[in-house]
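This report refers to the structure that appears directly beneath it.
The values are calculated or read from the model by the stated rules, or taken from the named source; none is laboratory data. Keep in mind it's a predicted model, so treat the numbers as computed, not measured. Glycine also receives a Cβ, built like all others from the backbone with ideal geometry; neighbour counts cover every protein chain displayed. The accessibility values were calculated without ligands, DNA or RNA, using every heavy atom of the protein model including side chains. Shrake-Rupley method; radii C 1.70, N 1.55, O 1.52, S 1.80 Å.
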Amino acid sequence: MRVCFILEGCYPYVFGGVSSWTHHYIEAMPDVEFVLWCIGSKEELKGKYKFQLPKNVVEIHEVFLDTALEIKMDKRQRKHPKITKEEREEMQNLFAGNDVNWDVLFNLFQEKKMNPTSLLMSQEFLNLLIEKCREKYPYISFSNYFFNVRSMLLPELYLMTTKVPEADIYHTTATGYSGILGSMAKWKYKKPMIVTEHGIYTREREEELLGAKWVLPYLRQQWIEIFYRFSACAYEYADRVTALFNNANKIQAAIGCPVEKLSVIENGINYDNFKDIPVKADNGYIDIGAVVRIAKIKDIKTMIYAFAEVKSRVPNARLYILGDVDDKEYNEECHQLIDQLKVEDIIFTGVVSVKEYFPKFDFTILTSISEGQPLSVLESFAAGRPVVTTDVGCCRELIDRDDEFGSAGLCVPPMHKDLLADAMVSMCLNKGMRIKMGESGRLRAEKYYTQKIMMDKYRSLYEEVVKK
């Protein structure tokens, strides 16, 4: 079997939950050939992998969004773009936030070889924009509208011109740009397509756009709507759509995914890799671990504020932050905040072996603003370490799952430094509670969240869609 994994902004260029999941997933299916179709933001990342690719990765196809800016215009297509009335309507639907017939657009850019730069600079497209701007935005600058729509459309139109690798199954880990590629592959080769969402891509992009300073306020909704169109495309073409927990399936259905396509496949970790880690020996410190990449969505600043309060109440507390720097500017802001607060005993380790550090920890924390089903929490469970997390994704369900094992940690609202500090202090001062919760988490991980359980479900899903 040959599976094409379609990846956006993650593996193999950056460390993180989805990247780790992908790497271990491929390793766990040595009998399957994997083709990687990777979407990156900048071409400077080409060939710069942070993972050693497993032997069963037989091809890798890299596409970078900034390459779209370098596409040279075909002057003949600019003067005479040869666009039909139907194609014109679907282009307008795409940037107007209406339902789109993606077959028409895939055919335009795959088979008819339309040059996206030429089309976007053509008189035909200019007429489309003038018409739509008069209709919806009669009081704004047309130049602002023109360049925003062009920036909005160019990346996905460019992606539609790229060569489609051949495979038996197309498996995408998001509904965004990767969802467009997966849908186009399904259209071209009539092979099954699976979508696995670790988080709800559309909602995450919406959150980013609502806070983005570069988006003009009156065009913010149009940017949001185009990502909803991407999700609609992926959900339409997918044979099956999986999420990590039930509430995520409900959100997917609310966004527009047909309920009959939905199912839950929970994350799984290598339980045997962590199960024999002993309770931490007393060393005079309460050591807290945070396995997290340095990025805004992980809300490291709230973690720092909360730990400053913890330190004032538990002087022998230490915080270890384990992970790669995803956002250099944000990383610098975090270090400046530590200096301003004059808080000690925060150690940034960079990328390290998580397994080797778990014996040092009394418990772990996660302060994300958005999550799916974080692998770091599951690994903490397997290692017998309780967790303090924000109430995002399915973190509360993981901690307080309705089973015989009991609570495996504490859960607080996101971005609430005072409640986070209180929960951390409570965990610091109650060794008996930590040990009991840690054991609950270990038993829960063993029963529900092993890699074998997860991989058996995906193998069954592959067999199902291929037969169908």
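Taking 20 Å as the limit for the C-alpha separation, the pairs 280/436; 190/467; 261/468; 42/190; 55/186 exceed it in the case of 42/190; 55/186.
Each peptide in 345-357, 23-35 gets a packing score, the mean of other Cβ atoms within 10 Å over its residues, and the list from highest to lowest is 23-35, 345-357. Structural descriptor for segment 168-235: relative contact order 41 percent, calculated from alpha carbon pairs under 8 angstrom and at least 6 residues apart. Backbone geometry of segment 358-367 corresponds, through the Karplus equation with coefficients 6.51, -1.76 and 1.60 at θ = phi - 60°, to 3J(HN,Hα) couplings of 4, x, 7, 9, 8, 7, 10, 9, 9, 10 Hz, x marking Gly and Pro. Rolling a 1.4 Å probe over the protein heavy atoms gives segment 345-392 an accessible area of 27 Å² per residue. Each Lys or Arg adds one and each Asp or Glu takes one away; over the other residues whose Cβ falls under 9 Å from the Cβ of residue 323, this sums to 0. When shorter helices are ignored and each DSSP H run of at least 4 residues is given -39500 (n - 2.57), the per-residue value for the chain at 222 nm works out to -14000 deg cm²/dmol.
Sorting 160-171, 134-145 by their mean Cβ neighbour count within 10 Å, with the most densely packed peptide first, gives 160-171, 134-145.
As a fraction of the 1.4 Å probe accessible area of the chain, surface on carbon and sulfur atoms comes out at 49 percent.
Ligands, DNA and RNA excluded, the heavy atoms of residue 417 present near 90 Å² of accessible surface to a 1.4 Å solvent probe.
Pairs of Cα atoms nearer than 8 Å and 6+ residues apart set the relative contact order; for segment 1-148 it is 18 percent.
Cβ-Cβ distance of residue 447 and residue 104, R₀ of 56 Å, FRET efficiency by 1/(1 + (r/R0)^6): the value works out to about 0.70.
For the listed peptides 281-289, 297-305, 175-183, a ranking on the average number of other beta carbons within 10 Å per residue, highest first, reads 175-183, 297-305, 281-289. Per-residue Karplus couplings for segment 239-253, computed as 6.51 cos²θ - 1.76 cosθ + 1.60 with θ equal to phi - 60°, are listed in order as 7, 9, 10, 10, 10, 8, 7, 4, 4, 5, 4, 5, 5, 4, 5 Hz, Gly and Pro entered as x.
Couplings 3J(HN,Hα) for segment 376-387, derived from phi with the Karplus relation 6.51 cos²θ - 1.76 cosθ + 1.60 (θ = phi - 60°), are 4, 5, 5, 5, 4, 4, 4, 7, x, 10, x, 10 Hz, where x marks Gly and Pro.
Close amide H partners of residue 412, meaning residues 5 or more places away or on another chain with modelled amide H under 5 Å apart, are 389, 390, 391. If one computes the Cα centroid of segment 95-169 and of segment 317-382, what distance in Å separates the two points? Centre-to-centre distance over Cα atoms comes out at 41 Å.
If you wrap the tightest convex hull around every Cα atom of segment 78-144 and split its volume per residue, you get 85 Å³. Magnitude of the charge dipole for the chain, about its Cα centre and with charges confined to Cβ atoms of Lys, Arg (+1) and Asp, Glu (-1), is about 840 debye. Here the contact order of the chain, divided by its residue count and restricted to Cα pairs under 8 Å and six or more residues apart, works out to 13 percent. With protein chains left intact and a 1.4 Å probe, residues in segment 52-153 average 56 Å² of accessible area per residue. The accessible-area ordering, largest first, of the residues 121, 455 stands as 121, 455, per a 1.4 angstrom probe. Electrostatic bookkeeping for residue 420 treats Lys and Arg as +1 and Asp and Glu as -1; over the other residues with beta carbon under 10 Å from its beta carbon, the sum is -3. Under 5 Å between amide hydrogens, built in the peptide plane, is the criterion, and for residue 240 it picks out 193, 195 among residues at least 5 positions away or on other chains.
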